[in-house]
Every structure is written in structure tokens, then in C-alpha cells.
Amino acid sequence: MTRPAEQPDVRPSRLSRDEIEANFQDLHPPLGRSEALIEADRCYFCFDAPCTAACPTGIDIPVFIQKIRSDNVRGSGKTILGENIMGGMCARVCPTEVLCEEACVRNTHEEKPVEIGLLQRYATDPIIDSGVQLFARAAPSGKTVAVVGGGPAGLSCAHRLAVLGHNVVVFNRDEKPGGLNEYGIAAYKTVDDFAQTEVEYILSIGGIDVRNNVALGEDVQLRELIDAHDAVFLGIGLSRANDLGIEGESLDGVVNAVDYIAELRQAEDKSTMPIGRTVVVIGGGMTAIDIAVQSRHLGAEQVHMVYRRGPDEMSASAFEQALAQTTGVAIHHRAPPNRILGDEHVTGVEFTSDGGRFVLFADMVFKAIGQQIGGFSEFAMQDGRIVVDAGHGTSIDKVWAGGDCVVGGSDLTVTAVQHGKLAAIDIDRTLRGAPDG
Amino acid sequence: MADLRTSFLGIESPNPFWLASAPPTDKAYNVNRAFEAGWGGAVWKTLGESGPPIVNVSGPRYGALHSNERRVIGFNNIELITDRPLETNLEEIRQVKRDWPDRALVASVMLPMNEAAWSKYLPMIEDTGCDGFELNFGCPHGMSERGMGAAVGQVPEYIQMATEWAKQATSLPVIVKLTPNVTNIVPPAKAALDGGADAVSLINTINSIMRVDYDSLTMYPTTDGMGTHGGYCGEAVKPIALNMVAEIARNADTAKLPVSGIGGITDWRDAVDFLALGASNVQICTAAMVYGFRIIDDLVDGLGTFLDDKGMTLAELVGKAVPSVTDWQYLNLNYVEKAVIDQDLCIECGRCHVVCEDTSHQAITSMVDGKRRFEVIDDACVGCNLCVSVCPVDGCITMRQVSDDDADKLNWTQHPNNPMRTTD
């Protein structure tokens, strides 16, 4: 590889505004009615369905598909949202190829599963778009629960608590609620501001007071929340990006992928985002894929995604890897970074591999090697995450937790939603003083 | 490929597939297209008396029962007999027969219940050169309200009377088309035979309402807000038609009566069903109306290939399955089958389990040694065939005989539980 003539080459508008807009269109366009009916017909309505068992939120998938078949789309949406209030977002972002669709018995029959994700979107979109309220709140309990975090775990917990009759105050660190749905997910997976539309739908149940720009540990302390509320739920995610711990990490042009993705998601005009001509992404997960693909969409000419282990250990699904490759991302395996090169601005990254050291030139380097929880010491922790019981209670009385910040968090929206739901059910049981079990 | 040439009542056709009397045979234009596509014959859309033409509704005439993929499974219509002048039809029949001498061309007729009409019109129609007549005693809507069609077909005495008039009025073969809107098909068939009919054709369409309109909550389809029952046909009616054909074929009084089989034939296998159960040829309408005339390719090719594979002639196929049809009371109650699930083919959908568990005999497992696995519990299985019917994988669940071939046979007429049993 020849060294580029001028480095660093980092600038916005590498492609025209129209080209970039087109690149960020819906990854999987929604199904029309005929397509949905035909696809729904493919469902075998399995007994004790493997797809449902594979869904972290346990949506009764054959039943919701059956309702699509009979044109009972609202009933279908209710089946989905009753188990997973973020069924709309999950329909867009779930790695269905390793969840419900991997379990589909059609794989055995013809190696082509039912398109469960797209059908789920078909059933939920009309509800979220029209805002029709499917849920009624139980009689007021007189209890108030503090939910920390406005992401999938927190909002799922808040919604279920509201349905169960409790009042909820959500303390949200960011300017807008939604968490990673708003700031983390690749833009082409959730177009047209869907994350906010979904949040509005969730909040329309009533009884949920969202306070934005309130960060735990800075603007409000855990102890105050415990004292002022009947229960506290923490859905705070993993707020601190991991460091590589190698030379050159603080050079200009070395960026945490999650920070860049958040900025990109919020950018009205994505062509204003400066991107390098040559981009190196370090990591092997979904975030690494997302930043690599979006770098290409912004016009980066060469994008390298470098992972320290083999393809089987990558947490990005095979579908995501293929998506990156067909978008023009070169994926390199078994190459841990050795040092980042450059004086003020990054010029390249040196890697170690079985074949010896090699250098990839770079105008920008994205770190996508995971995040960790930000500064908690009062909880029982394991592997840097909060330990919870089956009901998502923590080691601290009156405090529950769920989502990425707990042991068992999987960095998936759907898992966070399930945690929030389970915690809400347990909080409700506890507040009502029902005996365990 | 096997020779499919057919002689039905002496009417020759290159294959046993005729278009039934219906919209596809209303005009020379359509029939010419059908013959170009390879159809063996056609029964011209039913002719009535001359005079003021028949008037059809100008709204929907057809309604369909769809699968989710919008495949037409069932179909109905409220169209009447031909609404074109008799003279026009006669002229076109004459021309088509002249242009296609090797194809069967039969005239369907519907006339009032007076002998004069039959003696007037049949010779006039015969003069076109057509090969025979089919008497429409089957249409269940409209014309039946005027004392024709099914109104005749539901009264055996009328069938016999009109058939006699027809036979007196023409020397050509006469086929009587029967309505299925009766409780027992044998008396009408017997009446046709007694009236001198050369053959019967069946079934005509079944009284039907397709559905309700979910917005207006009226029946659907309607004409200016009102609807009427139509005649049901298409794939969904085939089992009803097959039973009626077989009943005629296995009844001693009617067994010798040639049958032209009609009812939901869509591909060559449907034709095999009718032929094996006693029909000598078949007539088709709905499949052509749903897919167009080119379905004839598969019908001819599929039947020919099938006969080749079986090493049979078409004539040998006709009636082949009739001896296997009997009354329930003669079924061997000592014969035992049980289901077997091929684990290599099983995709583990569990449908067999849940239907057996919920609605039948709790004879299929869902777990074996803590693993999802579907196996037949022989002791509980009564061999009902439900699991075979619902399994989405063809050939995965089959029935296996478990009783001995040389075990004594025992039917209900001999069964000890039957107080009316015959004793030696």
C-alpha cells in the first residue's frame, strides 16, 4: 500500500448530499400488505415454537403471524407489544438471524426462515405511527418508582410499571430519551426518527415523567433517589468506552466509535460529518460493523475493520459481517493493534499478526472494543457489570437493574427490554407486598 | 407418450380434456383459442330458446375463495346461460366445427319443460354439425327460478321426461348434466338413464354464498347492495364431485352409464382422480378461467407421462379405483395401521403433536429424554391419519400396517358389537 500523498485527509461531503442520503435509507424496506400475507402464510404455526423460545422477550411469534394472516393487524401488534413494548425497534435492529429466524423450522425444510423481523415491523408500525393506545393502566398504586436511564431497559421498565398502576420518574442523562436507540443504532436501521416516535408511543400510556439532561452521580445521587422513591431501577448502560491501552491512542483522529455514531445519528444533514479518506476500525462487534459501514456510506474510500481474534469469535453476526463486506469494508482477522502512528494526527496503525507486523495507513481510527459501566462501586459486581437476581434485584435494597449494565446484558435492545419488563414485574410484586414466587 | 385419443359416446377427441359449458365456451373467439392451445373438445355455453336474449347483471358475476397468496381455491358465479342471440351461436358453432373437425364440439341446451321446445330447437342445433348435446339440468341460480336448470335436475321425473323429449328430437348422443344440489345423486342419474341418456356429466355448481363484506356487512359480492347465491366450483369442490361420480360408477343401476367428470380439475392428477373413479373423460372450466387455456399443456403431458409410468392405457385407467369404493360397513375392522414419523425428515414444527394432543388421541410425544422430539406412541395411536394430514413435510409421516395380512377380516355386518350382525 502506498502512503497517501496528503495526510490527514478528513473532511465532510466526500459524497454529494443526495448520495449520502440515499446511502442512509432503510436497510430493510418494510413489507407491503401482499408481501406480508404471503410471508405470513409460510409460518407453520409450530407447537411450542422454537422462534418464541429464541426470542429474549418471549413474543408468541406464531400467534402474531397468524393474526397478520387474518388481517387482524392491530391484534398482531398487541401480541408483540404486550411482551416487548419496543417491538417496533426490535423488528428493525434485532439480529434475527441468530435469534427467532435462526430457530425457524423452515431452515430445516428449505434453508429460508420466515421473515419474522419484517412481519413484526408490518404489525407494529401502524400502531406506533397512529399512536393507537393498546394498554390501559391499572388502578393507581400510590407508589412512585425512579428509573435511571432513558434507554430500552429504562423505558421498558417504566412502561410496564405505568401499566401496573405505578407512577414513574425517568432520569435521563441525554438531551432526548431513547438511549442507544436514539444515539447508538446505525442510522440506516432506524430511519425517519423512529426512535423518538416509539418513545412518544411508550410515554403516551401516561404516568411517566421524563427528566432529560440529568446524569446519575453528577446531577442526582443514587442515595437521594432511594430515599425519595418506593423503588429505583437502573438502566444506565455502559457509559465509558474501553481504551486500547497502546501508544498513540490520544492522537487527533482517534475516535470512540460510539461517540461518532451518536453525533452521526443526531446530524440533520449527514454530509456535514467529517470522515477520513482511509478509515481503520478496531473491533469485531456490532458497533465496529456499524461504524465501518457508515464510514463507507459517508464516502470513506477505504475502510478496514481489524479484529484481534478469528471470525468465529466475532460478536457481529454473519449477516452483519456480510453486510459490511458487501458495503466494501475489508475485514482483517487475528491482528491485535500494536501502536497508533502519527505526530499530532493519526497516520496509521501498526498491527501484529501471525505473519509479522503490518501497518494500515489511516486518516481516522475508530475504537470499537466495547464499553464499561461508569464508576460504580457500591454494588456487587461481576466482570464489570452489576449482579442481579432472577427478578433483577441488585445487592442494594430497593434497587433493581437491567440492560447492558448488568450481568447477562447482551448489548441487544431486545435483552434490555426484557430486563426492564422483568424488573417492573418484580418491583410491582415487591411494592404490593405479595409473597415471593 | 401414451395415446390420449378418446371416443366418448363415439365423439372423438385428441385428448379427454373438454372445456365445460361455461364462459370460456361462449364464443367462437374463445373456443378457437382453446383449440389452438390444444384442448380436446368443448361443450358450448348453454343455448336457450330464440327470442329476446338473456339479460345478465352488469355488476360482479364471480366471487372467489382465496388462499393468502391469493390463489383461487373456490369460485362461484351468477352468470346465466348465453346472453347472445341463438342464431349467432349456431353460426359460430357451425364454423368452429368446420374449422376443427378433429375436436369434440357438444352443444349445451336448456329449454322449458314442454316437448315442443325440444322438438323445435334440437334439430336446429344439430344442423350446425355439432357432435352431441348436453342437457343443462344443473344451473342453480337464475334459470332455476324460471323452472329450468337445477329446478329440473332436482326432480328425477322431470329429468327423465326432458331426456326422453331430447332423445326423440335428435339422433346425436345426449349427455345429461346433473346438479349436485341433491341429497343422493343416484336417482337423478338413474332417471337420465331411464330417459335414454347416453351419458351423464357431473357435477354442475353448488349453491353457495362466498362471504360477507366486512365493511358493509352485506353478503359479498352484491348487485346494488343485494346478492344471491351462486354456483360454487373450483378446486374446493373436487371431493364432492368425486364422491358423486363414484356413487354412480359403483351403483349397479347406473354403473354402465358413461360419465363425463367435472368439478375442480386443475392439474392432471385431478383428472386421474375422476378417470380412476369412473369418468371416461373430464370437463374443465374454473382452472381455465383462473389461469387461461395454456394449462392444457400440463394436463395432457402430465396424464400421458403418468400412463407411461404406469404402463397403462387411458381406457385401463377409467374406473380402475371404483372397486376400492364401498360402504363403511364393509371396511375390515381387524385391519390396523399406525403412524410413523421419519426423524430424518422431521423439521420439529410439532404440529402433529399439538393436534393429536388437543383434538385426538394424545399419541405423539413432544419431548423425549428432555429433548424436543416427536414420536408416535404406538399404544395410543388409532391410525387416524390426522398427523399425516397436517404435517407440512410431504412423506415425513406415513401410515404403516401393523395387523397381519393373513388375519381374519371382520366388518361391521359381522362384528359382535353389532346387534344386527349377519350370522352364519
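Coordinate-derived values only; no laboratory data. This is a predicted model, so every value here is computed, not measured. With ideal geometry, Cβ positions are generated from the backbone for all residues, glycine too; neighbour counts draw on all protein chains shown.
Cβ-to-Cβ counts within 10 Å put B:Thr313, A:Thr278 in ascending order as B:Thr313, A:Thr278, the fewest first. Remark on B:Ile284: its backbone amide H falls under 5 Å from those of B:Trp18, B:Leu19, B:Ala20, a criterion applied only to residues 5 or more positions apart or on other chains, H modelled at 1.01 Å from N.
From its DSSP helices (H runs of at least four residues, each -39,500 (n - 2.57)), the protein assembly as shown gives a residue-normalised ellipticity at 222 nm of -9500 deg cm²/dmol.
Other protein chain C-beta atoms within 10 Å of residue C-beta, averaged over B:346-357: 5. Once backbone amide H atoms are built at 1.01 Å from N, A:Leu234 has A:Val148, A:Trp400, A:Ala401, A:Gly402 as its partners under 5 Å, excluding neighbours fewer than 5 places away on the same chain. Under 20 Å of direct C-alpha separation, and excluding same-chain neighbours fewer than eight residues apart, B:Lys120 reaches these aspartates and glutamates: B:Glu49, B:Asp83, B:Glu87, B:Glu91, B:Glu92, B:Asp131, B:Glu134, B:Glu164. Across the alpha-carbon atoms of chain A, the computed radius of gyration and Dmax are 22.4, 72 angstrom. Out of B:Pro140, B:Met219, B:Val245, whose Cα points farthest toward the positive end of the dipole of region B:6-324 (charges: +1 Lys, Arg; -1 Asp, Glu; placed on Cβ)? With unit charges placed on the Cβ atoms, the residue in question is B:Met219.
Averaged over the residues of peptide A:38-46, the number of Cβ atoms from other protein chains lying within 10 Å of each residue's Cβ is 4. Farthest toward the positive end of the dipole of the protein assembly as shown, out of B:Val336, A:Met314, A:His159, is the Cα of B:Val336, where the dipole comes from beta carbon charges about the Cα centre. Listed by chain and number, the lysines placed with their C-alpha closer than 21 angstrom to that of B:Lys238 are B:Lys177, B:Lys320; residues fewer than eight positions away on the same chain are left out. Here region A:43-133 is assigned +1 on the Cβ of each Lys and Arg and -1 on the Cβ of each Asp and Glu. Its dipole about the Cα centre then comes out at about 280 debye.
Report the FRET efficiency, 1/(1 + (r/R0)^6), for A:Lys176 and A:His332, where r is their Cβ-Cβ distance and R0 is 35 Å, rounded to 0.05. With a Förster radius of 35 Å, E is 0.45. Sorting B:390-402, A:361-373 by their mean Cβ neighbour count within 10 Å, with the most densely packed peptide first, gives A:361-373, B:390-402. Applying 1/(1 + (r/R0)^6) with r as the Cβ-Cβ distance of A:Asp9 and A:Ala390 and R0 = 56 angstrom yields a FRET efficiency of 0.60. At an R0 of 25 angstrom, the distance between the Cβ atoms of A:Val63 and A:Ala139 translates into a FRET efficiency of 0.30. With both labels modelled 7 Å from their Cα along Cα-to-Cβ, the B:Asp404 to A:Phe319 distance reads 5.8 nm.
Distance between the modelled labels on A:Thr272 and B:Arg373, one decimal in nanometres: 6.3 nm (7 Å Cα→Cβ projection). Of B:Tyr158, B:Ile185, B:Ile203, whose Cα points farthest to the positive end of the dipole of region B:157-213 (charges on the beta-carbon: +1 Lys, Arg; -1 Asp, Glu; origin at the Cα centre)? Positive-end residue among those listed: B:Ile203.
Charged side chains reduced to their Cβ positions (Lys and Arg at +1, Asp and Glu at -1) give region B:330-414 a dipole of some 280 debye around its Cα centre.
Annotation: lysines with alpha-carbon distance below 25 angstrom to B:Lys338 (same-chain offsets under eight excluded): B:Lys371, B:Lys409. 3J(HN,Hα) couplings calculated from phi for region A:315-324 with the Karplus curve 6.51 cos²θ - 1.76 cosθ + 1.60 (θ = phi - 60°) are, in sequence order, 7, 6, 5, 4, 4, 5, 4, 5, 4, 4 Hz; Gly and Pro show x. Residues considered: A:Arg265, A:Arg309, A:Arg14. Largest GNM mean-square fluctuation over chain A, using C-alpha springs under 10 Å, is found at A:Arg309. Highest GNM mean-square fluctuation among B:Lys167, B:Lys177, B:Lys338, for chain B modelled with Cα contacts below 10 Å: B:Lys338. What the Cα convex hull of region A:33-130 gives, in volume per residue, is 84 Å³. Dividing the convex hull volume of the alpha-carbon atoms in chain B by its residue count gives 191 Å³ per residue. Phi-derived couplings, Karplus 6.51 cos²θ - 1.76 cosθ + 1.60 at θ = phi - 60°, listed residue by residue for region A:77-83: x, 5, 4, 6, 5, x, 9 Hz, with x used for Gly and Pro.
For A:Asn338, the residues whose amide H sits under 5 Å from its own are A:Glu350, A:Phe351, A:Thr352, ignoring neighbours fewer than 5 places away on the same chain, with H placed 1.01 Å from N.
Whole-Hz Karplus values for region A:275-284 come out as 9, x, 5, 10, 10, 10, 10, 9, x, x Hz, taken residue by residue from phi with 6.51 cos²θ - 1.76 cosθ + 1.60 and θ = phi - 60°; glycine and proline positions read x. Note on A:318-327: average number of Cβ atoms from other chains within 10 Å of each residue's Cβ is 0. Take every DSSP beta bridge with both residues inside region B:6-324 and express the antiparallel ones as a percent of the total, to the nearest 5. Counting DSSP beta bridges with both partners in region B:6-324, the antiparallel share is about 40 percent. About its Cα centre, the protein assembly as shown has a charge dipole of approximately 1000 debye under the convention of +1 per Lys or Arg Cβ and -1 per Asp or Glu Cβ, with nothing else charged. Shape summary of the protein assembly as shown, radius of gyration then Dmax from alpha carbon positions: 37.1, 113 Å.
For B:Trp18, B:Trp165, what ranking results if the residue with the fewest other Cβ atoms within 10 Å of its Cβ goes first?
B:Trp165, B:Trp18
Give the total of Lys-Lys pairs in chain A with Cα-Cα distances below 16 Å; include a pair only if its members are 8 or more places apart or on different chains.
Final tally of qualifying lysine pairs is 4.
The equivalent ellipsoid that matches the C-alpha gyration tensor of region B:330-414 spans semi-axes of 27, 13, 12 angstrom, in descending order. Among B:235-241, A:328-334, sorting by the average number of other beta carbon atoms lying within 10 angstrom of each residue, highest first, gives B:235-241, A:328-334.
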